[in-house]
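The values are calculated or read from the model by the stated rules, or taken from the named source; none is laboratory data. Please read all numbers here as calculations on a predicted model, not as lab measurements. In this analysis, Cβ positions are derived from the backbone assuming ideal geometry, glycine residues included, and neighbour counts consider all displayed protein chains.
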Amino acid sequence: MTISKRQLNLNVGINTTGYLGNAWRYRTGSRHDINDPGYYRRLTELAHKGLFDAVFFSDHPALMTDPNAPFHTIDPLILCTALAAQVPDIGFVATMSSTYNSPYNLARRTQSTDIISGGRLIINIVSSFNPNVAANFGAEPLPPRSERYAKASEFLDVAKQLWSSWDPAREGDIPESRFWDAASAQAIDHAGDYFTVKGPLNVPVGPQGHPVIAQAGASEGGIELAARHGEIIYCNILSRAAGQAFGKKVRHRAIELGRDPAGIRIVPGLVAILGETRAEALRKHELFSGTGSEEGLLARFVKDNGIDPHDFDPDAVLEAERFIPDPNRIQAVGMGLGLSDLLAHEKLTARQAVRRSEGHHRLVLGTPEEVADAIIDLWADGTVDGYTLQPPRAPDDIEEFVDKVVPILQERGVFRTSYEGRTIRDRYGLPYPFKSNSNSGAF
């Protein structure tokens, strides 16, 4: 099914208690929610009520033992499979590591989930960057970033071959004495730098051809992976100019690789904080961030960026070069580029900058009308195709967004009033990777 009118795409993150680590103090619910499948069902049903495209699960296969709530618990693919059986229509984004998975196992599990869900799966492929994750998968140290991205690219090359390797549409005339035509499944015989896989996959082509591929990364390696394989790009875009520069870079590289950039959707993270007034939203930001005040936000900015507090002027214009992350650091480079990219295009002070980003993502503050205006602003001219809402608190901020912001977006004609499309590809207007008469299934 083709959806002719361009619409805003919205996903929503539903990890544990919400996106901001300190906001759990102000949420509804108990600390036991984070390990309760019923809790995630309630969040998914709430997102379904708001007609979100998909619920988004990030993942980190290591238990972080800081004082705040653990952010990753139940395996996202298993959780998404269970939720797909309980909640109709809505899609699911499951984050999975290419560094610590095998292509065959991932292709088999994800194709199975896509078939079970009727074409509602998006997989967010990441290159793990934390040594604590590496320590859970053996004694070998974390590979260098260049190797992780090269491995991720080959990983997806293999997965794509596997996803299309058994297509019942290739069957010829089958005698009554035979159950199937084995020629419909073809070995891939892949032998590369990182993987040797014969195939074929023992799961047939799914209703979307294969699950939609999301990618999160804005470093040079991340952009290369996004341009080669990414269909939905999850990133941190803090301004129009920075977003347009990022989109141009990804699409230009896709063209160089021989790929049609029309198959790319940019759906960055968004932290929305609502208030009856902007002043109320500002106070909520200070509470949910854990800093308590604007001075607390500035103190955190100084600490996080290694600034000497004695020489710090919160009202001096910041220099972008000062905030470019070390490309060799262990942490994700792409997420750290948001601030320097913002400052490269806008002259801002620290007092202004701390109100533009939270948790590395674009922060929008104010009344429901002001938040809706800010969302539409970068979507209307094509800077972004939508957003992945990262609510500070779950369920509270999801419920507030659904009740107060979604109706405004609908009234302005930019967001759906009912679910359309046979698969999540239809809803995003993404091309099918290959044609197959076996692509069946429905929401």
Which one is surrounded by the most Cβ atoms within 10 Å (Cβ to Cβ), of the residues in segment 58-75 that are acidic (Asp, Glu) and touching a residue at least 24 places away in the same chain (Cβ under 8 Å)? Asp59
Quick one: how many residues across segment 147-206 are loosely packed, with under 13 Cβ neighbours inside 10 Å, in a loop (DSSP other than H, G, I, E, B) and of a type in the set (Ser, Thr, Tyr)? 1
Residues (in contact with a helix residue (DSSP H, G or I) (Cβ under 6 Å, 6 or more places away or on another chain) and part of a loop (DSSP other than H, G, I, E, B)) located in segment 207-226: Gln208, His210, Pro211, Gly217, Ala218, Ser219
It is to be established whether one or more residues within segment 361-370 are among the basic types (Lys, Arg), out of contact with any His (no Cβ under 9 Å at 6 or more places or on another chain) and either surrounded by fewer than 23 Cβ atoms within 10 Å (Cβ to Cβ) or farther than 22 Å from Ala218 by Cα (or both). no
Can you tell me which residue is surrounded by the most Cβ atoms within 10 Å (Cβ to Cβ) among those in segment 76-93 that are among the aliphatic types (A, V, I, L, M) and not in a helix (DSSP H, G or I)? Val93
Matching residues in segment 337-353 - criterion: being buried (at least 23 other Cβ atoms within 10 Å of the Cβ) and either among the hydrophobic types (A, V, I, L, M, F, W, C) or free of Cβ contacts under 8 Å to residues at least 40 places away in the same chain (or both): Leu337, Leu339, Leu342, Leu343
Check segment 58-67 and report whether any residue there is at pLDDT 95 or above, under 21 Å from Ile125 (Cα atoms) and outside any helix (DSSP H, G or I). no
Tell me whether segment 97-107 contains one or more residues that are of a type in the set (Gly, Ala, Ser), over 30 Å from Ser418 (Cβ atoms) and not in a loop (DSSP other than H, G, I, E, B). yes
Looking at Ile255, Ile266, which is the one that is in contact with a helix residue (DSSP H, G or I) (Cβ under 7 Å, 6 or more places away or on another chain) and closer than 18 Å to His361 by Cα? Ile266
